[in-house]
Amino acid sequence: MTSRRKHHGWQAGELAGAVQAVAKVLDEYVQDSQRGEVPVLRQTPPEELIKGLQMRQCISAAGMTDELLAAFITKYLAQGTRLHHPGYMSHQCAIPDIGSAIADLVHGVSNNAMSLFEMGASGVAAELVVSEWMLRKVGWNPNDAGAILVHGGSLANLTALLVARHHSFPEAWQHGMPQNAVILAPASAHISVARAASLLGMGSRAVCTLPCDHTGRILGAQIRDSIKTQQCAGRTVMAVVANACAAPTGLYDPLQDIAEACHAEGVWLHVDAAHGGSALLVPELRYLLNGVDQADSITWDAHKMLRTSTLAAAVLVRHQANLSQAFQHGADYLFFDDNRPGPDLMHYTIEGSKAELGLKIFLNLAHRGEAGLAEYIHSRHQAARRFWKMVRQRKTFEVLGEPESNLICFRYADAPGPDSDQLHIAVRNQLMQQGTFHLASSFVDNRRWWRATIMSPSTDDATFSRLLDAIETCWQELSMGKRGHNS
């Protein structure tokens, strides 16, 4: 096939040929990853990768044939992180399913930036139906509540807190934030909460830590006292933030107790359910989110347990008016009275343009069915419980607590002293260097823990056994090396 660089428009069959070539590579990539016979990740330095993949030469070359494209993608994928791999148990990123992968391709071709209705009517329709579905899962009436999809949980938390700001300080959009505003959140709150406070002009110091137990879970009985303490100090609590579930531990805060306290004090409650909100699909797990329907706003990421590729997150607001009033802007080149047949979703979000996020979630739901997604979520929770039991059976390990999600925090038992945390980090690094397992890490109760996030459908009990064996071997090797170095 000749170079494509001479053609400014697409030639007949050009996309089909490229997609077919790359689709074959991607299918082999997923199958190889699921078998676990290749490294779960490689961490080659960027400059070495640029040279090895000949990236600079590709930019200046005459173009790629389908064969060259497929060869490049093969080498490119081999140097990344394989989320489909059974040894992937690290960050809370979805193992993408076919529906969202197809949606990414559709958007990549059509590029309907559907924040304006006229830029993608079908994209708006997909977002509206997905938003309606999510609101009903929470227990809200879509006629009263509101929702918007955004690019990621960090932007979702920022958007929700901006809505909370309008609720507490309606003049803030024009006049800025008062100096006495604070947010109350657990120490385990996602980093995006402190970032949002800074971006909103409050400063990260305006995020005040709530009382928690040793696992980082909010003590619901002390919420009202915390609010009153701030009020007595002359501060206004703009919002209380609760986790469902916490990123470092996978544990849920007592939402019902927190909601009752916030309502009694007239304080906005935001629930960060980015990871754990998907438990709403599973009847056996819904109890974990008891009280979530009493929140004022919720973040729920589809690009975690709903198997949607990064990024797709929802901001859900109990009263739609709060969402629509929070953004006060005009642009006469975009918005004017022309009797549009559908809504401009840009009115409800920080973003100007955005991808067809609703299509990604919709096709995932449509491809497997809601029941299929629920089965996946339940299976990963059950796998986490089996892993937790296996860890407890080995006396060399201890666990933070009983898991409430697909996250488990565990560490080497009887490993006190200043070197213990560093050894836990060293074990994780060695496993990654070997390419066998990819774990995350959390710092809870003043100690370093390994965090296993059971996401991949390929991760099974045999994987867990191999992981624990590998950790014990690494620990002994590194401990002996440490003792030898110290002697």
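Quick notes
- Any hit, region 379-391, residues being surrounded by fewer than 22 Cβ atoms within 10 Å (Cβ to Cβ) and in contact with a Ser or Thr (Cβ under 6 Å, 6 or more places away or on another chain): no
- For region 67-74, the criterion of a residue being open to solvent by 50 Å² or more (accessible area, probe 1.4 Å) and under 30 Å from the mean Cα position of the chain (by Cα) is satisfied by at least one position.
- Subset of region 326-340 that is assigned to a loop (DSSP other than H, G, I, E, B) and surrounded by 10 or more Cβ atoms within 10 Å (Cβ to Cβ) - its residue that is nearest to the chain's Cα centre (by Cα): 327
- The residue that is surrounded by the fewest Cβ atoms within 10 Å (Cβ to Cβ), counting only those in region 392-434 that are under 30 Å from residue 286 (Cβ atoms) and among the hydrophobic types (A, V, I, L, M, F, W, C), is 399.
- Checking 43, 34, 92 one by one, the residue that is open to solvent by 50 Å² or more (accessible area, probe 1.4 Å), touching a residue at least 24 places away in the same chain (Cβ under 8 Å) and assigned to a loop (DSSP other than H, G, I, E, B) is 43 and no other.
- Meets criteria (open to solvent by less than 10 Å² (accessible area, probe 1.4 Å), among the aliphatic types (A, V, I, L, M), at negative phi and part of a loop (DSSP other than H, G, I, E, B)) for residue 246: yes
- Residues in region 435-457 that are open to solvent by 30 Å² or more (accessible area, probe 1.4 Å) and either free of Cβ contacts under 8 Å to residues at least 60 places away in the same chain or assigned to a loop (DSSP other than H, G, I, E, B) (or both): 436, 441, 445, 446, 447, 448, 457.
- Qualifying positions in region 129-176 - within 21 Å of the chain's Cα centre (by Cα), open to solvent by 30 Å² or more (accessible area, probe 1.4 Å), over 16 Å from residue 292 (Cα atoms) and touching a residue at least 40 places away in the same chain (Cβ under 8 Å): 151, 154, 155
- Of all residue pairs spaced 6 or more apart or on separate chains, those with beta-carbon atoms under 8 Å, a first member in region 386-414 that is under 19 Å from residue 448 (Cα atoms) and a second member that is open to solvent by 30 Å² or more (accessible area, probe 1.4 Å) and of a type in the set (Val, Ile, Thr) are 388/399; 391/399; 392/399; 408/399; 409/399; 410/399; 412/396; 413/396.
The values are calculated or read from the model by the stated rules, or taken from the named source; none is laboratory data. Keep in mind it's a predicted model, so treat the numbers as computed, not measured. Counting neighbours? That spans all protein chains shown, and the Cβs are built from the backbone with ideal geometry, glycine included. The protein model used for the area step is the full one, side chains on, heavy atoms only, and it has no ligands, DNA or RNA in it. Shrake-Rupley method; radii C 1.70, N 1.55, O 1.52, S 1.80 Å.
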